[in-house]
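Step one of this worksheet: look at the structure below.
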Amino acid sequence: MRKIALAVILASLSANSVADVEFLHWWTSKGEKKALDALEQQLLAHDIPLLPSPILGGGGDSAMTVLQARALAGNTPDIAQIEGPSIKAWDEVGIVHTINQTATEQGWDDNLYPLTININKTDNGYVALPITLHRLNWMWVNHDVLEKLELSVPKTWPEMFQAMETAKQNNVVPLAVGEQAWQVALLFESLVIANGGVDFYYKALVELQRDHIDSDQMRLALRQLRKIANLVPAQQPNQNWDTATQALIDDQALFQLGGDWILGDLLASDVSVPQKIGCYPAPQSHNAFLYNMDSFLFMAASDFTQQQATQVANALADKKFQARFNQIKGSIPVRTDIDLQDFNPCQIQSHQDFVQATEKGLAVPSMTDSMAVNPVAQQAINSEIFRYYRSSEVTEDEVLKRIISIAKST
Ligand code: BGC
């Protein structure tokens, strides 16, 4: 009997089986959890049990701090959710597995969007697995509330402000805002694009050029942000973006501006989109596509080998899974060869807008959501913008001066 039990244990520990794979991430909202479930199921189907390590805080700032601390302590998770230029920085540290075998089998050089390749590939080849492409300059509109207020969908910021004033007069929350630095800074990015256009945004907030930071367009964006702060009723401090989305779902708010993870939550709550809640490009940014991208890093450690990393990467790179995951997440796939026919109309539009924006050079990375500058500068800039939003004592000049000095130190 004991011999049989031992044989069973040994069989389950065969060379190819993977022990629990720890995944550090910040997917904690309703829609994100649903997408994560699909990911767990996909790995389980390949006999890979996942051990999720969620770190609260959309945007991933806290998760990145935890990842760094754990790397310093020599206790990295096996997989980590990651965005943008940090991928290359982690590769330089030299503690990530490459996933070139997966990339070759999947034909990534041929079927990933060029920007996906740029973000995930270094001189060492593919050092991260791309999974989602999110549009950030979306405006989500509660059509029932809009109709009740006898308003139409605003296309410009002056129209948007008028609609928000009407909502406020009728005791409706004009704009559902996540009261966190990265959420408010994201709002600011949409204002900067609206006022200066995509090129201006790129020079001011991606390249951090001094003459573009110290400019009329940035001052106007700040004044508009202050106007929003005055229009939006005091909310719970640190309110998450998904709590704000719930207010939109419950007909308590008229608009929400933000990434298409909001769509993931709407779909997870069985809201009909775009019938009840519609998606529109943020005012005055119709041709622009502000994006971020989620990727996975595979951290090299004695208990997570290259072979295991490749096994996990193969399962997650599967084309059908990539389609299913994005469909739930609200985002669009990172590869060019996925048919979006069964996706939500907002995702189909996002994809069309992305293709057009890329052709015209109007697809730009989000500074606020980790796609442009280094994480220290990013968090410092986000927190300056947030401080300005929260306190009417902070002046435009003060914020711009501080952003310039952060830019100097990068
Ligand atoms: C990530 C998304 C996530 C969002 C909110 C972003 O930084 O890219 O995957 O849904 O944060 O948590």
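The values are calculated or read from the model by the stated rules, or taken from the named source; none is laboratory data. What you are looking at is a predicted structure, and each value in this text was computed from that prediction instead of being measured. No Cβ is skipped: glycine too gets one built from the backbone with ideal geometry, and neighbour counts run over all protein chains shown. Heavy atoms of the whole protein, side chains included, go into the accessibility calculation; ligands, DNA and RNA do not. Shrake-Rupley method; radii C 1.70, N 1.55, O 1.52, S 1.80 Å.
Tabulated values for the structure
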| item | result |
| --- | --- |
| Count - residues of the stretch 299-332 that are more than 16 Å from the ligand (Cβ to nearest atom) and either crowded, with 24+ Cβ neighbours inside 10 Å or not in a helix (DSSP H, G or I) (or both) | 11 |
| Among (1) away from the ligand (no atom under 16 Å from the Cβ); (2) within 30 Å of T65 (Cβ to Cβ), the one test that D337 misses | (2) |
| The one condition in (1) surrounded by fewer than 22 Cβ atoms within 10 Å (Cβ to Cβ); (2) of a type outside the set (S, T, Y); (3) within 16 Å of the ligand (Cβ to nearest atom); (4) not in a helix (DSSP H, G or I) that E393 fails to fulfil | (3) |
| Filtered residues of the stretch 160-185 (kept if open to solvent by 10 Å² or more (accessible area, probe 1.4 Å) and either farther than 13 Å from F255 by Cα or hydroxyl-bearing (S, T, Y) (or both)) | T166, Q169, N170, N171, E179, Q180, A181, W182, Q183 |
| Residues located in the stretch 34-44, provided they are in contact with a helix residue (DSSP H, G or I) (Cβ under 8 Å, 6 or more places away or on another chain) and open to solvent by 80 Å² or more (accessible area, probe 1.4 Å) | K34 |
| Any pair with Cβ under 7 angstrom, 6 or more apart, that starts in the stretch 21-44 at a residue that is farther than 14 Å from R324 by Cβ and charged (D, E, K, R) and ends at one that is in a loop (DSSP other than H, G, I, E, B) and more than 13 Å from the ligand (Cβ to nearest atom) | E22/P77; E22/D78; K30/S269 |
| Test: residue in the stretch 375-388 that is of a type outside the set (A, V, I, L, M, F, W, C), farther than 14 Å from A204 by Cβ, open to solvent by 20 Å² or more (accessible area, probe 1.4 Å) and assigned to a loop (DSSP other than H, G, I, E, B) | no |
| Whichever residue in the stretch 246-256 is in a helix (DSSP H, G or I) and within 16 Å of the ligand (Cβ to nearest atom) and, among such residues, is most open to solvent (accessible area, probe 1.4 Å) | Q246 |
| Failed item, numbered, when L231 is tested on (1) crowded, with 19+ Cβ neighbours inside 10 Å; (2) in contact with a strand residue (DSSP E or B) (Cβ under 6 Å, 6 or more places away or on another chain) | (1) |
| Any hit, the stretch 284-298, residues being part of a loop (DSSP other than H, G, I, E, B), surrounded by fewer than 18 Cβ atoms within 10 Å (Cβ to Cβ), at pLDDT 95 or above and within 16 Å of the ligand (Cβ to nearest atom) | no |
| Cβ pairs under 6 Å, 6+ apart, first in the stretch 356-370 and of a type outside the set (A, V, I, L, M), second assigned to a strand (DSSP E or B) | S366/L290; S366/N292; D369/N292; S370/E83 |
| Condition check for L51: open to solvent by 70 Å² or more (accessible area, probe 1.4 Å), at pLDDT below 95 and not β-branched (V, I, T) | no |
